[in-house]
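Novice: The structure follows.
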Amino acid sequence: MPSHHYIGRFAPSPSGDLHFGSLIAALGSYLQSRSQQGRWLVRIEDIDPPREVPGAADRILRTLEHYKLHWDGSVLYQSHRHDAYRAALDFLRHEHKAYFCTCTRSRIHSLGGLYDGHCRTLGLSSAHAALRLEQTHPVYGFEDELHGWLAADRAMAEEDFIIHRRDGLFAYNLAVVVDDHFQGITEIVRGADLIEPTVRQMALYHQFNWQTPRYLHLPLALNHDGNKLSKQNHAEPIPMSDPRPVLAAALGFLGQSVPEEWADLTTEALLEYAVSHWDMQQIPKNSRLMA
Ligand SMILES: [Zn+2]
């Protein structure tokens, strides 16, 4: 696949239905892809079964279809990617870029929450251990397409973070990097709640010797308590009725022009208008109350 061709993605976790906040991420990444004649992929991040809601993945996909946000190719499920994650972990271990850690949560809590590299030189084996990345080349910040330079907290950037959990689950940062690389994603457009792990993901790209994608972090929709809309705080699913008023509100939230006569347009025509009028420079940087 030629590297100059744009490939974007939307990667929801099936921990609940699509709400206005996740629609912002879906629509923003969709419009950024389509406005550059790029491909737009959908990936279901189902690597954490205890947090998943039965049927949510199918409902998310049906909702995207109802909103006429049609993706390219087939949906990639992280639950089908365990061999790839395992191979990535084996590579890091083989290259001595990762080590086992048996430290308890309460020990790390007593350190103030950031791990101190205690097990780096202990040569522990895998039984009941987490695997951590040995941070030899930490990343301290990155250039965001919307925000410009974003510096990370130094101690957080340097932490040997977990790439395989003690309970056997693959860590989010590992899976997302392995899959974005596998899918050839050239730019990641997602919510600002994922700014913080970006430097960790970039550190992984460097350890694998993979080219990092570009990043664009969209503002978050907040509820009236000032919290981001999320499944955890019971954000309402977006309706399966007429998508147009919701899409118009989402376009407005993203600072984009909304045609006055949108009610006369089909959903497809509204999205076509949005693609042709998409202006990344108009996206507000700050998270704020949903419209
Ligand atoms: Zn440890």
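The values are calculated or read from the model by the stated rules, or taken from the named source; none is laboratory data. All figures in this text were calculated on a predicted structure; none of them were measured in a lab. Positions of Cβ are generated from backbone atoms using ideal geometry, with glycine treated the same way; all protein chains shown enter the neighbour counts. The protein model used for the area step is the full one, side chains on, heavy atoms only, and it has no ligands, DNA or RNA in it. Shrake-Rupley method; radii C 1.70, N 1.55, O 1.52, S 1.80 Å.
Novice: Name the pairs whose Cβ atoms lie under 6 Å apart, with the first residue in segment 47-59 and crowded, with 16+ Cβ neighbours inside 10 Å, the second part of a helix (DSSP H, G or I), and 6 or more positions between them or separate chains?
Specialist: Note: pairs meeting the criteria are Ile47/Gln78; Ile47/Ala175.
Novice: Moving on to the next point. Please enumerate the residues belonging to segment 253-291 that are small (Gly, Ala, Ser) and within 22 Å of the chain's Cα centre (by Cα).
Specialist: Listed by number, the residues that qualify are Gly255, Ser287.
Novice: Write out, first by first residue and then by second, each pair whose Cβ atoms fall under 8 Å of each other, whose residues are 6+ apart or on separate chains, and whose first residue, in segment 102-119, is open to solvent by 70 Å² or more (accessible area, probe 1.4 Å) while the second is near the ligand (Cβ under 8 Å from one of its atoms) and not small (Gly, Ala, Ser).
Specialist: That search, which allows pairs on different chains as well, returns His118/Cys101; His118/Cys103; His118/Arg107.
Novice: Determine, yes or no, whether Arg166 is crowded, with 16+ Cβ neighbours inside 10 Å and modelled with pLDDT under 95. Show your work before the answer.
Specialist: Working: crowded, with 16+ Cβ neighbours inside 10 Å: yes; modelled with pLDDT under 95: yes.
Considered against the rule, which asks whether it is crowded, with 16+ Cβ neighbours inside 10 Å and modelled with pLDDT under 95, Arg166 comes out as yes.
Novice: Regarding segment 224-241, can at least one residue be identified that is open to solvent by 40 Å² or more (accessible area, probe 1.4 Å) and under 20 Å from Phe161 (Cα atoms)?
Specialist: Start the filter on segment 224-241 by keeping residues that are open to solvent by 40 Å² or more (accessible area, probe 1.4 Å), which leaves 224-228, 231-234, 236-237, 239-241.
If we keep only those that are under 20 Å from Phe161 (Cα atoms) as well, we get none.
No, the conditions are met nowhere in segment 224-241.
Novice: Given the conditions (1) within 12 Å of the ligand (Cβ to nearest atom); (2) charged (D, E, K, R); (3) open to solvent by less than 70 Å² (accessible area, probe 1.4 Å), and given that Lys97 satisfies all but one, which numbered condition is not satisfied?
Specialist: Every listed condition holds for Lys97 apart from (1).
Novice: Does Ala203 satisfy being surrounded by 13 or more Cβ atoms within 10 Å (Cβ to Cβ), at pLDDT 95 or above, under 27 Å from Val177 (Cα atoms) and within 21 Å of the chain's Cα centre (by Cα)? Lay out the reasoning, then the answer.
Specialist: Values: surrounded by 13 or more Cβ atoms within 10 Å (Cβ to Cβ): yes; at pLDDT 95 or above: yes; under 27 Å from Val177 (Cα atoms): yes; within 21 Å of the chain's Cα centre (by Cα): yes.
Spelling it out, Ala203 is indeed surrounded by 13 or more Cβ atoms within 10 Å (Cβ to Cβ), at pLDDT 95 or above, under 27 Å from Val177 (Cα atoms) and within 21 Å of the chain's Cα centre (by Cα).
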